[in-house]
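Take a look at the structure below.
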2 protein chains.
Amino acid sequence: MSDIPHRSSRPLRADAEQSIARILIAAEQVFAADPSATLEAVASAAGVARATVHRRFSSRDDLRDALVNTINTKLRDAIASANTDTAPPLVALYQLTVATLDLKVDWRASWQLIDLDATDQRGIDPSNISHLDALLQRSQDAGLLRPGIDIPWARGVYMALIHEASTIRSEDESASHWANRVMQTLLSGIGDNEHNLEALLAQPPTSD
Amino acid sequence: MSDIPHRSSRPLRADAEQSIARILIAAEQVFAADPSATLEAVASAAGVARATVHRRFSSRDDLRDALVNTINTKLRDAIASANTDTAPPLVALYQLTVATLDLKVDWRASWQLIDLDATDQRGIDPSNISHLDALLQRSQDAGLLRPGIDIPWARGVYMALIHEASTIRSEDESASHWANRVMQTLLSGIGDNEHNLEALLAQPPTSD
DNA sequence: ACTAACTGCAACACACATGTCGCAGTTAAG
DNA sequence: CTTAACTGCGACATGTGTGTTGCAGTTAGT
């Protein structure tokens, strides 16, 4: 996939495997600061020579793909450990939110790579999307989501909220706190449930 | 600001002004297809020589700034014509949503330029942000927004929803339809108001 | 019509990231 | 210990975007 010598031929030597890991982590950090950073910068951050980067990842795009792949793998794990298709919808959704929130802060830059081609349908693994959709559908069937809402919109809103939360969230704040906020907003919005139309349509103090 | 001859010295000739407009529009369209597109591509799309682009915008970054500036100007107009500080909060918010939704589809690429440095605080004009915040605050005072919600979060959610809607929305669909959807989701979320905890925590059909 | 301004064209210098290679030294694996 | 594999280093070729300049031709403004 991402690295040049085909895995099928022979397992990589231990230090080579470590180099790959170091490069990926370094790339994440460097690209977080500057998405158009040089591979030279990535190499030095990883503590390897630039040539080594090219040995492990044939091109810049190849490295990019590897980063996206990392996200999808971690996301898959998060989905799996949230038991999205066995646990009660509400708890599964909550678990997934917490995990994704953490994933977002640790791999900001790589995630941005995904968001950019979000319109292209490329980026996020379709399998991950369908798992999420299945969970949302199950949530709707269980009465958690309003019947009229269509799943793609629900998914979009959910991911948008997570994105927003991870953007605002400072690193020392707990993920669960923000997960609560996301869930609350997702399900109930930020409006007051007992709308008082008289007040809402009243003129503001300045004009009255 | 954006163009090389200082405006203060003498007004630009009519065709020069037109060139600037053509270039900005072309840049928007070209960058929408490929954010890292060449200035050559922008020039040909605008029907001018590449040198002319450099005459009007000293550097690539300068062009970028001009695009961001365009957005902020149009956003300012949208805020003004929505009467964000005189109209009832609900209608002002709705008006603003419709306008922004259209702005988002016509200037996708330029808006993305803003989103990228969203973390840097640069990008969106602080003045526009404070006007929006004021509207949200007024909405909260009027009882439209739940009392506990803090404004930055409200703003973030609002903009995230608009972004999501503009991403999904196909060009032929009406802005008002999506504005309704955004407002609905913003205020009430996508959850069922009458949560049935028994059902939500029930095991899924597969395990029962 | 006259003039200043703007444009197209074409060439140039420049910087810089990218990708490739070979060699010598080091490291992990059996 | 022996060997195959991996690394660092340095050099090279290459492509490509960028920004600049000069000149001749065209256009808008008065």
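The values are calculated or read from the model by the stated rules, or taken from the named source; none is laboratory data. Please read all numbers here as calculations on a predicted model, not as lab measurements. Every residue, glycine among them, receives a Cβ derived from its backbone with ideal geometry; neighbour counts consider all protein chains shown. SASA here: full protein model, heavy atoms, side chains in, ligands and nucleic acids out. Shrake-Rupley method; radii C 1.70, N 1.55, O 1.52, S 1.80 Å.
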Is it the case that A:Arg10 is modelled with pLDDT of 95 or more and among the basic types (Lys, Arg)? no
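A quick yes/no check of all residues on (1) within 13 Å of DNA strand D (Cβ to nearest atom); (2) under 30 Å from A:Ala154 (Cβ atoms); (3) modelled with pLDDT of 95 or more; (4) within 14 Å of another protein chain (Cβ to nearest Cβ):
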site: A:Asp3; (1), (2), (3), (4): yes, no, no, no
site: A:Val30; (1), (2), (3), (4): no, no, yes, no
site: A:Ala41; (1), (2), (3), (4): no, no, yes, no
site: A:Ser44; (1), (2), (3), (4): yes, no, yes, no
site: A:Gly47; (1), (2), (3), (4): yes, no, yes, no
site: A:Thr52; (1), (2), (3), (4): yes, no, yes, no
site: A:Leu75; (1), (2), (3), (4): no, yes, yes, no
site: A:Val91; (1), (2), (3), (4): no, yes, yes, yes
site: A:Thr100; (1), (2), (3), (4): no, yes, yes, no
Restrict the check to the stretch B:163-170 and report whether at least one residue is more than 9 Å from every other protein chain (Cβ to nearest Cβ), in a helix (DSSP H, G or I), open to solvent by less than 10 Å² (accessible area, probe 1.4 Å) and not polar (S, T, N, Q). no
Could you say which residue among B:Asp61, B:Asp65 is in contact with a Ser or Thr (Cβ under 7 Å, 6 or more places away or on another chain), open to solvent by 60 Å² or more (accessible area, probe 1.4 Å) and assigned to a helix (DSSP H, G or I)? B:Asp65
Please go through the stretch B:144-158 and give me each residue that is among the aliphatic types (A, V, I, L, M) and at the interface with another protein chain (Cβ under 8 Å from one of its Cβ atoms), ordered by number. B:Leu144, B:Leu145, B:Ile149, B:Ala154, B:Val157
Counting only residues that are among the polar types (S, T, N, Q) and in contact (Cβ under 8 Å) with a residue 24 or more places away in the chain, which one in the stretch A:123-155 is surrounded by the most Cβ atoms within 10 Å (Cβ to Cβ)? A:Ser139
Being at pLDDT 95 or above, assigned by TED's automatic domain parsing to the domain that holds A:Thr167, assigned to a loop (DSSP other than H, G, I, E, B) and at negative phi: is that true of A:Thr84 here? yes
Quick one: would you say A:Thr38 is in contact (Cβ under 8 Å) with a residue 60 or more places away in the chain and β-branched (Val, Ile, Thr)? no
Note: among B:Ala45, B:Ala37, just one is under 24 Å from A:Asp115 (Cα atoms), more than 16 Å from the chain's Cα centre (by Cα) and among the hydrophobic types (A, V, I, L, M, F, W, C), namely B:Ala37
Note: among B:Val53, B:Val91, B:Val42, just one is open to solvent by 10 Å² or more (accessible area, probe 1.4 Å) and in a helix (DSSP H, G or I), namely B:Val91
